[in-house]
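Colleague: One structure, as structure tokens, below. Some questions next.
The values are calculated or read from the model by the stated rules, or taken from the named source; none is laboratory data. Treat the numbers as computed from the prediction; the structure is a model and nothing was measured. Virtual Cβ from ideal backbone geometry, glycine too; neighbours counted across all protein chains shown.
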Amino acid sequence: MGEPYRDLVEIARDLRRDAITMIYEGGDGHPGPALSIADIVTALYFRIMRVDPKRPEWPERDRLILSKGHACPIVYASLARLGFFQGYERPVLRQLGSIFQGHPDVNKTPGIDMTSGSLGNGLALGLGMALAGRYNGQDYITYVICGDGETQEGIIWEAATSAARYGVGRLIAFVDQNGLQSGDSVAEIGGPQPLGPKWEAFGWHTQKIDGHDFGHILAAVEAAQIETERPSVILAHTTKGKGVPFMENDNAWHKGVPSEAQYQEALRALGGGVA
């Protein structure tokens with residue numbers, strides 16, 4: 001029989017390796033945030049979302065907005081594996097003229113649904129997309145991935161209020177709760193904790209999960225999809241830098257490039273041997 005979700009576990013491991021390689025070869029990037037959401041992104045692209053690499057702008061596709069846009073290497077790795085980038089051997093990150101910028105750009109990269117990187121804006125953009133789908137009679141679902149540090153932004157709660165007010169049931173948000181943001185821990189900087197009661201008070205269907213457990217992720221999305229009269233948020237407890245032991249819970253890897261020795265150590269940890 002084998003372990004449940006073995007295919008997703010293996011894909012997530014490969015995507016983590018690809019993301020680290022992008023950052024190493026590009027000489028810049030945010031490994032910790034990318035590794036943190038790798039399992040969520042894997043579940044979405046390889047089990048949940050309706051997408052078509054041959055038709056990146058297919059009107060009926062599900063949408064994904066990476067509000068924490070600096071984590072984009074894991075999204076680029078996913079889209080590459082799905083076949084969105086025919087003609088590119090691998091994404092070259094943050095290079096002049098590359099379509100793979102340090103934050104997602106809808107005008108440059110096939111499969112990217114919205115430009116992001118200005119933290120806090122993704123949920124409002126997702127609300128707009130979900131409302132547009134309703135008004136146009138389309139049944140796609142809009143997914144948004146936010147960081148827990150982002151919840152300090154007022155626009156997050158303005159969007160939360162509006163989404164509940166309009167009963168936007170085809171909007172599902174993930175909050176990546178790894179407990180760290182660029183400057184320090186979320187708790188030290190003053191994030192609005194605990195988050196669960198706040199989302200509930202704003203009228204959202206609220207769930208708490210292990211963001212590295214595929215069973216939890218898939219079940220939570222299934223439950224959220226049933227909620228057709230109100231938006232849903234999934235609070236995913238994660239580990240920053242997940243999968244590479246020397247990066248895990250070390251905020252020095254919020255942004256940074258591994259040395260050659262560290263890169264090889266990361267590849268070994270992710271089961272890929274050395275490059």
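Colleague: With among the acidic types (Asp, Glu), under 22 Å from MET49 (Cβ atoms) and either in contact with a strand residue (DSSP E or B) (Cβ under 8 Å, 6 or more places away or on another chain) or modelled with pLDDT under 95 (or both) as the only criterion, which of ASP176, ASP184, ASP213 stands out?
Modeller: Every option except ASP176 fails the conditions.
Colleague: Next question. Report yes if some residue within region 260-269 is in contact (Cβ under 8 Å) with a residue 24 or more places away in the chain and either among the β-branched types (Val, Ile, Thr) or surrounded by fewer than 15 Cβ atoms within 10 Å (Cβ to Cβ) (or both); otherwise report no.
Modeller: Looking through region 260-269, none of the residues is in contact (Cβ under 8 Å) with a residue 24 or more places away in the chain and either among the β-branched types (Val, Ile, Thr) or surrounded by fewer than 15 Cβ atoms within 10 Å (Cβ to Cβ) (or both).
Colleague: Something else about it: Return yes or no: is GLU227 closer than 21 Å to ILE65 by Cβ, of a type outside the set (A, V, I, L, M) and at pLDDT below 95?
Modeller: yes
Colleague: A follow-up question, please. Restricting to region 2-25, count the residues that are in a loop (DSSP other than H, G, I, E, B), surrounded by fewer than 19 Cβ atoms within 10 Å (Cβ to Cβ) and in contact (Cβ under 8 Å) with a residue 12 or more places away in the chain.
Modeller: Counting residues in region 2-25 that are in a loop (DSSP other than H, G, I, E, B), surrounded by fewer than 19 Cβ atoms within 10 Å (Cβ to Cβ) and in contact (Cβ under 8 Å) with a residue 12 or more places away in the chain gives 1.
Colleague: Hey, can you tell me all the residues within region 66-98 that are in contact with an Asp or Glu (Cβ under 8 Å, 6 or more places away or on another chain), hydrophobic (A, V, I, L, M, F, W, C) and assigned to a loop (DSSP other than H, G, I, E, B)?
Modeller: Those that are in contact with an Asp or Glu (Cβ under 8 Å, 6 or more places away or on another chain), hydrophobic (A, V, I, L, M, F, W, C) and assigned to a loop (DSSP other than H, G, I, E, B): VAL92, LEU93.
Listed here are the residues, each with its yes/no results for (1) outside any strand (DSSP E or B); (2) surrounded by 20 or more Cβ atoms within 10 Å (Cβ to Cβ).
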site	(1), (2)
ARG134	yes, no
CYS146	no, yes
GLU150	yes, yes
ASP176	no, yes
PRO197	yes, no
LYS208	no, no
ALA219	yes, no
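Residue by residue, here is whether (1) without any contact (Cβ under 8 Å) to a residue 24 or more places away in the chain; (2) hydrophobic (A, V, I, L, M, F, W, C); (3) closer than 22 Å to ASP18 by Cβ holds:
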residue: ILE209; (1), (2), (3): no, yes, no
residue: PHE214; (1), (2), (3): no, yes, yes
residue: ALA224; (1), (2), (3): no, yes, no
residue: GLU227; (1), (2), (3): no, no, no
residue: PRO231; (1), (2), (3): no, no, no
residue: LYS240; (1), (2), (3): no, no, yes
residue: GLY243; (1), (2), (3): no, no, yes
residue: GLU248; (1), (2), (3): yes, no, yes
residue: ASN251; (1), (2), (3): no, no, no
